[in-house]
Amino acid sequence: MLEKWVQRLIMDDGANLYRYKGVIAVKGMDNKFVFQGVGMLFSGGCSNAKWGEDEVRESRFVFIGKNLDKEFYKDGFMACCEDTLRFEVGTLVEVNVGTYKSGKVLKQWDEGNAYRVEVDNEMKTNVWAPVDNDVYIRLPGSDKSIA
(Lines give C-alpha, C1' and ligand atoms only; values in the text may rest on other atoms or scores of the structure.)
Protein backbone atom coordinates (compact mmCIF):
# COMPACT_ATOMS: atom_id res chain seq x y z
CA MET A 1 0.00 0.00 0.00
CA LEU A 2 0.86 3.62 -0.11
CA GLU A 3 1.75 3.41 3.59
CA LYS A 4 4.58 1.01 2.67
CA TRP A 5 5.87 3.38 0.01
CA VAL A 6 5.92 6.26 2.51
CA GLN A 7 7.56 4.01 5.12
CA ARG A 8 10.30 3.12 2.67
CA LEU A 9 11.00 6.79 1.96
CA ILE A 10 11.16 7.62 5.64
CA MET A 11 13.52 4.74 6.40
CA ASP A 12 15.83 5.57 3.47
CA ASP A 13 15.67 9.38 3.58
CA GLY A 14 14.42 10.17 7.10
CA ALA A 15 17.63 11.97 8.10
CA ASN A 16 17.22 14.27 5.08
CA LEU A 17 13.48 14.90 5.49
CA TYR A 18 12.65 17.98 7.52
CA ARG A 19 8.89 18.16 6.93
CA TYR A 20 6.37 16.51 4.63
CA LYS A 21 2.63 16.32 4.18
CA GLY A 22 0.08 15.46 1.57
CA VAL A 23 -3.26 14.14 0.41
CA ILE A 24 -3.19 11.32 -2.13
CA ALA A 25 -6.04 10.10 -4.33
CA VAL A 26 -5.32 6.36 -4.38
CA LYS A 27 -6.88 4.50 -7.29
CA GLY A 28 -9.44 1.98 -6.06
CA MET A 29 -9.94 3.68 -2.68
CA ASP A 30 -12.90 5.91 -1.78
CA ASN A 31 -11.10 7.46 1.20
CA LYS A 32 -8.38 10.09 1.10
CA PHE A 33 -4.85 9.05 2.07
CA VAL A 34 -3.61 11.86 4.33
CA PHE A 35 -0.11 12.02 5.78
CA GLN A 36 2.34 14.35 7.51
CA GLY A 37 5.61 14.05 9.31
CA VAL A 38 8.88 15.45 10.53
CA GLY A 39 12.06 13.47 9.87
CA MET A 40 11.33 9.82 10.65
CA LEU A 41 8.16 10.64 12.62
CA PHE A 42 5.25 9.79 10.33
CA SER A 43 1.52 10.04 10.85
CA GLY A 44 -1.04 9.10 8.26
CA GLY A 45 -3.00 6.57 6.32
CA CYS A 46 -6.39 6.17 4.72
CA SER A 47 -8.56 8.64 6.60
CA ASN A 48 -12.27 8.46 7.34
CA ALA A 49 -12.73 11.36 4.91
CA LYS A 50 -14.15 10.17 1.60
CA TRP A 51 -13.77 11.99 -1.69
CA GLY A 52 -16.92 13.98 -2.40
CA GLU A 53 -19.04 13.06 -5.40
CA ASP A 54 -18.30 16.43 -7.05
CA GLU A 55 -14.79 16.79 -5.59
CA VAL A 56 -11.78 16.57 -7.90
CA ARG A 57 -9.64 13.58 -6.88
CA GLU A 58 -6.32 15.38 -6.81
CA SER A 59 -3.06 14.30 -5.20
CA ARG A 60 -0.90 16.94 -3.57
CA PHE A 61 2.20 16.47 -1.47
CA VAL A 62 5.21 18.47 -0.34
CA PHE A 63 8.60 17.36 0.97
CA ILE A 64 11.07 19.76 2.55
CA GLY A 65 14.60 18.51 3.10
CA LYS A 66 18.07 18.16 1.63
CA ASN A 67 19.47 15.87 -1.06
CA LEU A 68 16.01 14.54 -1.98
CA ASP A 69 15.45 12.78 -5.32
CA LYS A 70 12.47 14.80 -6.56
CA GLU A 71 11.74 12.61 -9.60
CA PHE A 72 11.94 9.38 -7.57
CA TYR A 73 9.41 10.75 -5.06
CA LYS A 74 7.13 12.13 -7.74
CA ASP A 75 7.20 8.94 -9.84
CA GLY A 76 6.53 6.73 -6.82
CA PHE A 77 3.58 8.70 -5.56
CA MET A 78 2.09 9.24 -8.98
CA ALA A 79 2.29 5.48 -9.62
CA CYS A 80 -0.19 5.11 -6.74
CA CYS A 81 -2.59 7.47 -8.48
CA GLU A 82 -2.42 6.46 -12.12
CA ASP A 83 -5.33 4.79 -13.85
CA THR A 84 -3.20 2.67 -16.17
CA LEU A 85 -0.83 0.07 -14.79
CA ARG A 86 2.05 -1.54 -16.70
CA PHE A 87 1.03 -5.18 -16.20
CA GLU A 88 -2.29 -6.77 -17.14
CA VAL A 89 -3.89 -9.56 -15.09
CA GLY A 90 -2.15 -12.82 -16.01
CA THR A 91 1.22 -11.21 -16.80
CA LEU A 92 4.27 -13.15 -15.57
CA VAL A 93 6.42 -10.85 -13.41
CA GLU A 94 9.04 -10.79 -10.69
CA VAL A 95 7.83 -9.43 -7.35
CA ASN A 96 9.99 -8.12 -4.52
CA VAL A 97 9.51 -10.18 -1.34
CA GLY A 98 12.94 -9.27 0.04
CA THR A 99 14.41 -10.80 -3.12
CA TYR A 100 12.73 -10.95 -6.49
CA LYS A 101 10.58 -14.07 -7.03
CA SER A 102 8.63 -15.17 -10.10
CA GLY A 103 4.91 -14.67 -9.99
CA LYS A 104 1.74 -13.86 -11.89
CA VAL A 105 -0.49 -10.78 -11.61
CA LEU A 106 -3.87 -11.84 -10.19
CA LYS A 107 -5.56 -8.47 -9.77
CA GLN A 108 -5.04 -4.76 -10.32
CA TRP A 109 -5.91 -2.14 -7.69
CA ASP A 110 -6.55 -4.62 -4.89
CA GLU A 111 -7.35 -2.87 -1.59
CA GLY A 112 -5.44 0.22 -2.67
CA ASN A 113 -2.39 -1.71 -3.86
CA ALA A 114 -1.35 -1.55 -7.50
CA TYR A 115 -1.23 -5.36 -7.84
CA ARG A 116 -2.00 -8.64 -6.14
CA VAL A 117 0.58 -11.21 -7.29
CA GLU A 118 0.64 -14.99 -6.85
CA VAL A 119 4.21 -16.04 -6.12
CA ASP A 120 5.39 -19.10 -8.04
CA ASN A 121 6.04 -21.31 -5.01
CA GLU A 122 4.57 -24.45 -3.52
CA MET A 123 2.03 -22.51 -1.44
CA LYS A 124 1.04 -20.10 -4.27
CA THR A 125 1.52 -17.25 -1.80
CA ASN A 126 -0.34 -14.02 -2.61
CA VAL A 127 1.49 -10.74 -2.05
CA TRP A 128 0.84 -7.12 -2.94
CA ALA A 129 2.95 -4.77 -5.00
CA PRO A 130 1.86 -1.48 -3.45
CA VAL A 131 3.27 0.73 -6.19
CA ASP A 132 3.74 0.16 -9.91
CA ASN A 133 7.51 0.54 -10.19
CA ASP A 134 10.48 -1.77 -10.54
CA VAL A 135 11.29 -1.61 -6.82
CA TYR A 136 8.18 -3.72 -6.15
CA ILE A 137 7.32 -5.45 -9.42
CA ARG A 138 9.18 -5.86 -12.70
CA LEU A 139 9.41 -7.89 -15.88
CA PRO A 140 11.27 -11.20 -15.54
CA GLY A 141 14.97 -10.94 -16.28
CA SER A 142 15.37 -7.30 -15.27
CA ASP A 143 18.75 -6.81 -13.63
CA LYS A 144 17.85 -3.76 -11.60
CA SER A 145 18.84 -3.98 -7.97
CA ILE A 146 16.48 -3.14 -5.12
CA ALA A 147 16.90 0.56 -4.43
Q: Show R86, R138 ordered by accessible area, largest first, where the area counts protein heavy atoms only and the probe is 1.4 Å.
A: R86, R138
Q: Report, to the nearest 10°, how far helix 2-13 tilts away from the longest principal axis of the Cα atoms in the chain, using its own Cα long axis and a range of 0 to 90°.
A: 70
(Q) With a 1.4 Å probe and all protein chains left in place, how much of the accessible area of the chain comes from carbon and sulfur atoms, in whole percent? (A) 51
**Q.** Modelled label reach - D69, point 7 Å along Cα→Cβ, the range 119-134 residues with backbone N closer than 19 Å
**A.** 130-134
(Q) Among D12, D30, D69, which one shows the highest mean-square fluctuation when the chain is modelled as a Gaussian network with alpha-carbon springs under 10 Å? (A) D69
Q) Amide H neighbours of G65 under 5 Å, counting only residues 5+ apart in sequence or on other chains, H built in-plane at 1.01 Å? A) Y18
Q. Which loop chymotrypsin sites (Phe, Trp or Tyr not before Pro) in the range 1-81, with loop taken from DSSP, have no more than 16 other Cβ atoms within 10 angstrom of their Cβ?
A. W51
Q.
5 Å is the cut-off here: which amide hydrogens, built 1.01 Å from N in the peptide plane, fall below it relative to S59, excluding neighbours closer than 5 in sequence?
A. A25
Q | Protein-only accessible surface order, largest first, of R19, R60 at 1.4 Å | A | R60, R19
Q. For the chain, modelled as a Gaussian network with Cα springs under 10 Å, which listed residue fluctuates most, A114, A49, A129?
A. A49
Q: Please list K32, K74 in order of solvent-accessible area, largest first, computed with a 1.4 Å probe with all protein chains present.
A: K74, K32
Q) Which of V23, V127, V89 moves most in a GNM of the chain, Cα contacts under 10 Å? A) V89
**Q.** Angle in degrees between helix 70-81 and the longest Cα principal axis of the chain, rounded to the nearest 10
**A.** 70
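The values are calculated or read from the model by the stated rules, or taken from the named source; none is laboratory data. What you see is a predicted model, and the numbers here were worked out from it, not measured in a lab. No Cβ is skipped: glycine too gets one built from the backbone with ideal geometry, and neighbour counts run over all protein chains shown. To get the accessible areas, we keep the full protein, side chains included, count just its heavy atoms, and leave off ligands, DNA and RNA. Shrake-Rupley method; radii C 1.70, N 1.55, O 1.52, S 1.80 Å.
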